[in-house]
Structure formats: C-alpha cells, structure tokens
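Some notes on the structure that comes next.
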Amino acid sequence: MISKPNRLAWAFGWLLAFASMPASANLNVFACEPEWASLVSVLLPDANITTATTAWQDPHYIEARPSLIAAMRKADLAVCTGASLEAGWLPSLISRAANRKIQPGSDGLFFAADHAPLHQSHEHVDRSMGDVHPEGDPHLHLSPDAIPLVASALAERLASLVPDQQAQIQVRYIRWRGEWNQHRQSWRTAARQLTGTGVITQHSTFDYLLRWLGIEVIADLEPKPGLPPGSTHLRNVLATPDLARASVIMLASYQDDRPARWLSSQSGVPAIVLPGTVTGQPGEETLGQVINLIIDALLNHQEPTNVD
C-alpha cells in the first residue's frame, strides 16, 4: 500500500509528466477557395490553413504549383467546393500529392456542394453548352441558406478529425450560426427593397444571392458559361429590350472588367466590381461581411438607369 506522502508525490509526478507531453499537432487544412479557409478558421482557429486560390483568381482555372502539391501532401483535410468547380486542377493535385488521407471517398476530403441543394443541375452536358456543371451551379458560397448547412457538416467533420476539440468546435459553430441568423434578418429586410430589381452579371458567381434577394438577372456578359464576352454578344446585350431595367452591371473581382466597362459606357448602366468571396481585407474577411458589402452596393444602385 502506498503511503499518503508517496501517493501525493506519485500524483504530482504524473501531472508533471502529462504537462510536459507535447500538445497534439494542429490540423493541416488545404482549402481550395478562400471562403472555406475563412469558415475553417472560425470553427478551428488553430488549424494550419493553406488556401489554393484568392478572390482575384478564377477558381475554375489554377495551376497545380509545387507549393500546392506540397501543402496537399501534408494535409489532414482538404475543403473544396466540389460540383466540378475544381475539376480542371484538383484531381491532378490529389494524384500528385499521393496523400492517402485526402483521397476521394475519405473523411479527409470535404466537398461543400455535397451538403446543400444546388441550382440548375443538368442530366446531359456537352461542350456546346459551355462550362456547365452537371451537378448544378457550384457557386453556392454566397447563398444565405446553403452556408449554414455547409458549416454544420464542416463542424461535424472537423470534430471527427480532432475529437478532443469537439466541444469547442460545437460552441464556435453555435456562436457563428447565431451571428449568421442575425445577418440573415437584415438581409431579408434588404430583400424587400431589392425584389424585382434587374442586374447584368458575368458568369453565375452571384446567382445564389441574387435569387435569394429576388433580383432578376436580365443578361449575362458571357455568351455561354465560361466563354469570354465577345463583341457580337456584347452588342446583343446592348440591344436587349429589358436593359433599361438594369440598375447595375455586377462584376467579380477576378473577372476582366473591360467588357463591363464598354457596356457601361454605351448604356449608361454603372458597372461595379465586387468581391466574389472573402479577400482578407478589413470588412471582407468573412462571408457574412462580403454579403453585407454586396447588398449595400446593390441598395446604393437601386434605381435603374434610363437607356435611350
């Protein structure tokens, strides 16, 4: 039988040994787009996050650089959009990284599009349709309804990978969800003012948010998804009878602004460049902030321009 002084010494020694043990390594996360890096950082602030793209890059087309291959090779979790958004580069990156943790079908590969309904799915897709995704429009990251579904699934996945932080992740998710719901109430107020407004866009970057707000896309600067605006198509857009109802031409920060500027100069409809995702700059660090910024810009350009 161990005497009381010896029991105390044993317990004290055990505590010292436990305290001297190295902390579990932070989770290495590879995020395909900035929106998912931002969401991971909210749920697991101590994660080591590498982001493959920026708000100034088209996420459809990036180069599988050696630095990205190295980051993918050591990743415990890869968080991407899915729905073929990264089909041109992610499969190659995964193959070249040869990391068994993030192979298709594993818990280490998370696709946001798997956890929310998508608009505009297609049973048949061919090249004549342009850059169309059979699963549906993958640009769901600005959807007020889809992001809570993604965040909930992502919190569950993170908790399964770092079970010792499960409680903290859940608390952070609940706090985030409460803030998101507050945002959504103010967005609904804005939607009542914006419903019925018309805009011109380039690609479908903002479509989920525009649908949610009740805003009509009158014309697209792309003749087909993924095809750059050509002069013939731009002249057709200029001749669109409903052009007079457009309040703005919306452009994402990664898109070439020259076609929009030309159409603006010819029509008088203002062209505005908006962040298509989080940028990391003050006021643009979370999806909630980006949606606030976009809605404020639309409210400030609410009245359509008269086109002769």
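Of note:
- Scanning region 156-200 for residues that are among the aliphatic types (A, V, I, L, M) and within 27 Å of Leu213 (Cα to Cα) gives Ile174, Ala190, Ala191, Leu194, Val199, Ile200.
- Condition met for Gly268 (in contact with a Ser or Thr (Cβ under 8 Å, 6 or more places away or on another chain) and either open to solvent by 60 Å² or more (accessible area, probe 1.4 Å) or within 19 Å of Thr197 (Cα to Cα) (or both)): yes
- Filtering region 244-265 to residues that are without any contact (Cβ under 8 Å) to a residue 60 or more places away in the chain and open to solvent by 40 Å² or more (accessible area, probe 1.4 Å) leaves Arg245, Asp256, Asp257, Arg258, Arg261, Trp262, Ser265.
- Exclusive hit being more than 22 Å from Thr189 (Cβ to Cβ), open to solvent by 10 Å² or more (accessible area, probe 1.4 Å) and in contact with a helix residue (DSSP H, G or I) (Cβ under 6 Å, 6 or more places away or on another chain), set Pro228, Pro223, Pro241: Pro223
- For region 290-308, the tally of residues that are at pLDDT 95 or above, touching a Pro at 6+ places or on another chain (Cβ under 9 Å) and open to solvent by 10 Å² or more (accessible area, probe 1.4 Å) stands at 1.
- For Ala146, the conditions (1) over 18 Å from His60 (Cα atoms); (2) of a type outside the set (Lys, Arg); (3) at pLDDT below 95 are fulfilled apart from (3).
- Qualifying residue in region 189-202 (condition: within 21 Å of the chain's Cα centre (by Cα), among the charged types (D, E, K, R) and not in a strand (DSSP E or B)): no
- Hits in region 211-220 - residues which are out of contact with any Gly (no Cβ under 6 Å at 6 or more places or on another chain) and either buried (at least 17 other Cβ atoms within 10 Å of the Cβ) or of a type outside the set (D, E, K, R) (or both): Trp212, Leu213, Gly214, Ile215, Val217, Ala219, Asp220
- Test: residue in region 56-66 that is modelled with pLDDT under 95, touching an Asp or Glu at 6+ places or on another chain (Cβ under 9 Å) and hydrophobic (A, V, I, L, M, F, W, C): yes
- Hits in region 70-90 - residues which are open to solvent by 40 Å² or more (accessible area, probe 1.4 Å), under 10 Å from Asn28 (Cβ atoms) and assigned to a helix (DSSP H, G or I): Arg73
- With a requirement of 1 or more residues that are among the acidic types (Asp, Glu), the helices (runs of 4 or more DSSP H) lying completely within region 204-277 that satisfy it span 207-213.
- One residue alone among Pro91, Pro34 is closer than 22 Å to Ala155 by Cα and not acidic (Asp, Glu), and that residue is Pro34.
- For region 34-41, the condition holds for at least one residue, the condition being that it is in a helix (DSSP H, G or I), open to solvent by 30 Å² or more (accessible area, probe 1.4 Å) and either at positive phi or not charged (D, E, K, R) (or both).
- When the residues of region 42-69 are filtered to those that are part of a helix (DSSP H, G or I), open to solvent by 10 Å² or more (accessible area, probe 1.4 Å) and in contact (Cβ under 8 Å) with a residue 12 or more places away in the chain, the one that is nearest to Leu251 (Cα to Cα) is Val42.
The values are calculated or read from the model by the stated rules, or taken from the named source; none is laboratory data. As the structure is a prediction and not an experimental result, all values here were calculated from the model. We place every Cβ from the backbone using ideal geometry, glycine too, and count neighbours over all the protein chains shown. Ligands, DNA and RNA are excluded from the accessible area calculation, which covers all protein heavy atoms including side chains. Shrake-Rupley method; radii C 1.70, N 1.55, O 1.52, S 1.80 Å.
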